[in-house]
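Asker: The structure under discussion is supplied below as structure tokens; questions concerning it will follow.
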Amino acid sequence: MKLYGSFTSPFVRHCRIALLQYQQAFEFIPTDYGQSAALNPTQRVPFADVETMRLHDSAAILKYIREHNGEAFFNDLADHDLFCLANSLLDTSINVFLLGKDGVTTESSAYLSRQQSRIEATLQELEQRDWSAVDSTQLSDGQIRLACYLSWAAFRHLLALDSYPNLRAFLRNVDQQPHFANTHPALA
């Protein structure tokens, strides 16, 4: 497998973690905006060359990795829903982050203000959950995706985890896992 992406992307990180979990060999090809625009119609990372096809999204890549190793991508609907919530957080936060780099802020844009409200409401929902029983050695894809989001948002200074003590404790727990710790965006 050839995995195209950036070391700081939380979507790419999730794929790298899954590959490392199975000790599956892969070639990582660092890819910037220009390359992703030229090689992937979604103009995003990650994408991957697998066997004779190109996979264009992290969810498709993860489905391939899990099923290639004899496991289901999702074992239950609740985990799939958690994965979707984390994806919404990621997509929304990335838009806020990138538009902020262009000078468009939540103060100057009603759209971005609504997006920030979406982030906060989702985080408040997730903060109410009991994360203490999560076995960090047996993380589901929904849990990995959420941890990748939390780690990325903290790395980009978009999220003060002190405001979310349950999520902070969850991330500290996950941070103890070698595959997660060894793929941290600060190590790029």
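The values are calculated or read from the model by the stated rules, or taken from the named source; none is laboratory data. Bear in mind the structure is a predicted one, so any value in this text is a computation, not a measurement. Here the Cβ is made from the backbone with ideal geometry for all residues, glycine too, and neighbour counts use every protein chain on show.
Asker: Can you list residue pairs whose Cβ atoms sit under 6 Å apart, with the first residue in region 144-168 being over 25 Å from residue 78 (Cα atoms) and outside the structural domain of residue 119 (by TED's automatic domain parsing) and the second being at pLDDT below 95 and part of a helix (DSSP H, G or I)? Count only pairs 6 or more apart in sequence or on different chains.
Answerer: none
Asker: If you don't mind, another one. Going through region 148-164 one residue at a time, which ones are aromatic (Phe, Trp, Tyr) and surrounded by fewer than 17 Cβ atoms within 10 Å (Cβ to Cβ)?
Answerer: 155, the sole residue that qualifies.
Asker: Check whether at least one residue in region 126-144 is of a type in the set (A, V, I, L, M, F, W, C) and within 14 Å of the chain's Cα centre (by Cα), and report yes or no.
Answerer: yes
Asker: What number of residues within region 7-32 satisfy the criterion of being surrounded by fewer than 18 Cβ atoms within 10 Å (Cβ to Cβ), farther than 18 Å from residue 70 by Cβ and not aromatic (Phe, Trp, Tyr)?
Answerer: Of the residues in that region, 5 qualify.
Asker: Let me ask another. Please state which one of 93, 109 is surrounded by 18 or more Cβ atoms within 10 Å (Cβ to Cβ), assigned by TED's automatic domain parsing to the domain that holds residue 152 and not β-branched (Val, Ile, Thr).
Answerer: 93
Asker: Mind telling me which of the residues 82, 158 ends up being touching a Leu at 6+ places or on another chain (Cβ under 9 Å) and among the aliphatic types (A, V, I, L, M)?
Answerer: Result: 82 is the single residue among 82, 158 that is touching a Leu at 6+ places or on another chain (Cβ under 9 Å) and among the aliphatic types (A, V, I, L, M).
Asker: Here is a further query. So residue 62 ticks every box in (1) without any contact (Cβ under 8 Å) to a residue 60 or more places away in the chain; (2) under 20 Å from residue 143 (Cα atoms) but one. Which box is left unticked?
Answerer: (1)
Asker: Given the criteria at positive phi and not assigned by TED's automatic domain parsing to the domain that holds residue 138, does residue 43 qualify?
Answerer: Criteria met by residue 43.
Asker: Residue 179 versus (1) surrounded by fewer than 22 Cβ atoms within 10 Å (Cβ to Cβ); (2) at pLDDT 95 or above; (3) more than 21 Å from residue 22 (Cβ to Cβ); (4) within 15 Å of the chain's Cα centre (by Cα): which is the lone unmet condition?
Answerer: Result: residue 179 passes all but (3).
Asker: How many residues are of a type in the set (Phe, Trp, Tyr), farther than 19 Å from residue 45 by Cβ and within 21 Å of the chain's Cα centre (by Cα) if we restrict to region 69-117?
Answerer: Residues flagged as of a type in the set (Phe, Trp, Tyr), farther than 19 Å from residue 45 by Cβ and within 21 Å of the chain's Cα centre (by Cα) within region 69-117 amount to 2.
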